[in-house]
Each structure stands twice: as C-alpha cells, then as structure tokens.
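Shown next, in structure tokens, is the structure this report addresses.
The values are calculated or read from the model by the stated rules, or taken from the named source; none is laboratory data. Fair warning: this is a prediction, and the values are worked out from it, not measured in the lab. Cβ: placed from backbone, ideal geometry, glycine included. Neighbour counts: every protein chain shown. Each accessible area value is taken on the protein alone, full model and side chains, heavy atoms only, with ligands, DNA and RNA left out. Shrake-Rupley method; radii C 1.70, N 1.55, O 1.52, S 1.80 Å.
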Amino acid sequence: MTADTADVPAVELSQLRFAYRAGRDVLAIEHLAIARGETVFLHGPSGSGKTTLLGLLAGVLQATSGSVKVLGTNFSTISSGSRDAFRARHLGYVFQMFNLIPYLTVRENILLPIRLDAGRRARLGTTTLDDAVADIASQLDIAELLDAPIAELSVGQQQRVAAARALIGHPEVVIADEPTSALDTDRREQFLALLFASCKKADATLVFVSHDHTLMPLFSRTVSLAEINHASVQRSRA
Ligand code: ADP
Ligand code: MG
C-alpha cells in the first residue's frame with residue numbers, strides 16, 4: 001500500500017477540494033508537493049483552513065474531491081481503517097488541542113503509537129520501550145511526570161507530552177498544529193531542537209503550522225495557505 005521510495009513526494013495534493021458543508025469549500029488547492037526531508041512552515045490567518053489541511057494530510061478528514069497522497073498512498077482509495085493503520089505507522093501528529101487520553105498516564109499516552117503499530121515499534125530497534133520513553137521525556141523535560149495523570153498537567157506540560165507521543169518511533173511525516181503556542185521561550189527552543197533532530201534522524205518531512213513568524217528561518221520552506229488556497233481567495237473577495 002505504500003510506495004516507500006525516496007523519489008515519491010512525502011505529500012502530494014492534486015485538485016484538492018474540501019468542504020465541511022456541501023457547496024462551501026474551505027480548501028481548493030490545485031497542487032502541492034512536499035519532498036521527503038523537507039521542513040515546511042505553513043502559515044495563514046485564523047480560520048483559513050490550516051487545521052483542516054493537516055486533518056486531510058493525517059487522513060482524519062477525507063477530500064471532497066481530488067487526491068491526497070502521503071508517501072505515495074492515495075487516501076481516497078483506502079478504507080478509514082487502513083488510514084488509521086497508516087497514520088499509526090508513518091505519521092506523528094501534534095494536535096492543536098493535544099488530544100491526550102485523560103484516563104491514561106503520561107507514559108501510556110507517549111507509548112500509544114508504539115502500542116498501536118508493530119512497524120512503529122520495530123523502528124526503535126533494540127531500544128526498550130522504557131528507554132525510549134525515558135529518553136524522549138528527558139529531552140522534553142517531562143521525565144518527572146511519567147506516572148502522572150494527564151488531568152494534573154499544565155497546558156505547557158500537556159503540549160510537551162503531545163510532542164513526545166508524536167515523535168516516538170521516528171515517524172516519516174510529522175505534522176504539528178501550533179505546537180509551541182503554550183510554551184515559554186526556553187521550552188520552545190528545547191522542543192524545536194528535539195523536533196528538528198528527530199525529523200533529521202528519520203529523514204522525516206515536517207509540516208508545521210504556526211503564527212510565530214520568527215520561527216520561519218528554521219524551516220527549509222515556507223508555504224502561505226492564502227496563496228495556494230483558491231477557496232479562501234474567493235471568500236475574502238466576496
Ligand atoms: P485554521 O486552522 O486556519 O484556523 P480551520 O481549518 O480550523 O482554520 O477552519 C477553517 C474553516 O473551516 C473555518 O471557517 C472553520 O469555521 C471551518 N471549520 C473548521 N472545523 C469545522 C467543522 N468541524 N465543521 C464545520 N466547519 C468547520
Ligand atoms: Mg487551526
């Protein structure tokens with residue numbers, strides 16, 4: 001199901017349209033290709049469809065028409081179960097609202113992708129799960145919190161747990177939706193260093209949404225959603 005070769009783009013959108021309600025396109029993008037290993041800073045005004053686009057890239061949402069291909073797999077030709085399996089194996093997603101599981105500990109939240117997919121587990125090689133969690137948790141300064149319930153964490157701590165969960169097992173595509181919004185300056189730098197190191201190690205592709213334009217120079221490429229999305233152009237002119 002995956003054409004996992006280096007010359008296939010990590011992400012390719014063609015003639016993509018997406019509407020939550022029939023006839024009201026949120027996204028209309030003719031073409032966008034992102035190569036393996038690229039780090040992309042995606043920006044655009046609030047409400048312009050950034051989170052929606054990430055949902056399509058993660059296979060959580062389905063295109064109304066056109067195609068979304070990730071690592072060569074066309075999401076509109078596979079079942080939702082196969083998309084879930086694909087996501088567990090190949091994608092790390094730091095959600096805007098974190099989406100941590102409240103009744104699990106920090107450790108179990110971080111381990112979730114590994115538990116869901118044997119291929120993702122295999123990428124850890126001989127590293128034990130305990131060591132993998134300890135390593136990523138110490139880099140994000142949440143090692144003391146591993147046995148804590150999610151409900152007891154601050155927003156900034158939850159954001160770092162969400163980052164650890166996305167990065168564990170070195171996924172090939174990392175998607176992050178305003179992941180630094182709740183972090184102070186030191187933690188933001190720590191988080192970005194880990195994010196870039198993890199992506200580099202896995203030759204991963206990063207699609208990163210942020211309002212913080214000072215971060216732009218860190219990325220290999222900047223994409224303005226307003227420039228590629230014809231739906232938002234039509235709306236703002238209406
Ligand atoms: P951004 O992340 O750029 O702020 P979103 O992708 O969240 O933008 O939203 C794009 C547009 O889609 C907005 O007009 C928003 O109101 C609408 N929208 C987002 N999520 C939903 C949903 N679940 N149902 C209906 N409309 C939605
Ligand atoms: Mg958003």
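So here's what we get for this one:
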read-out: Elements of type strands (runs of 3 or more DSSP E) contained in the stretch 169-238, each with 2 or more residues being open to solvent by 20 Å² or more (accessible area, probe 1.4 Å), among the polar types (S, T, N, Q) and within 16 Å of ligand 1 (Cβ to nearest atom); value: 221-224
read-out: In the stretch 71-116, the residues that are on the phi < 0 side of the Ramachandran plot, among the hydrophobic types (A, V, I, L, M, F, W, C), within 16 Å of ligand 1 (Cβ to nearest atom) and crowded, with 20+ Cβ neighbours inside 10 Å; value: Val94, Phe95
read-out: Pair list, Cβ under 8 Å, 6 or more apart: the stretch 138-151 residue within 16 Å of Ala163 (Cβ to Cβ), other residue surrounded by fewer than 19 Cβ atoms within 10 Å (Cβ to Cβ) and among the small types (Gly, Ala, Ser); value: Ala143/Ala134; Leu146/Ala134
read-out: Any hit, the stretch 61-69, residues being under 19 Å from the mean Cα position of the chain (by Cα), charged (D, E, K, R) and at pLDDT 95 or above; value: yes
read-out: Residue list for the stretch 10-42, restricted to those being within 16 Å of ligand 2 (Cβ to nearest atom) and either within 24 Å of Ala202 (Cβ to Cβ) or surrounded by fewer than 20 Cβ atoms within 10 Å (Cβ to Cβ) (or both); value: Tyr20, Val40, Phe41, Leu42
read-out: Identity of the residue in the stretch 128-147, aliphatic (A, V, I, L, M) and part of a helix (DSSP H, G or I), that ends up surrounded by the most Cβ atoms within 10 Å (Cβ to Cβ); value: Val133
read-out: Given (1) buried (at least 18 other Cβ atoms within 10 Å of the Cβ); (2) near ligand 1 (Cβ under 9 Å from one of its atoms), index of the condition Pro45 fails; value: (1)
read-out: First in the stretch 67-96 and among the hydroxyl-bearing types (Ser, Thr, Tyr), second anywhere and within 16 Å of ligand 2 (Cβ to nearest atom) and open to solvent by 40 Å² or more (accessible area, probe 1.4 Å), Cβ under 7 Å, 6 or more apart; value: none
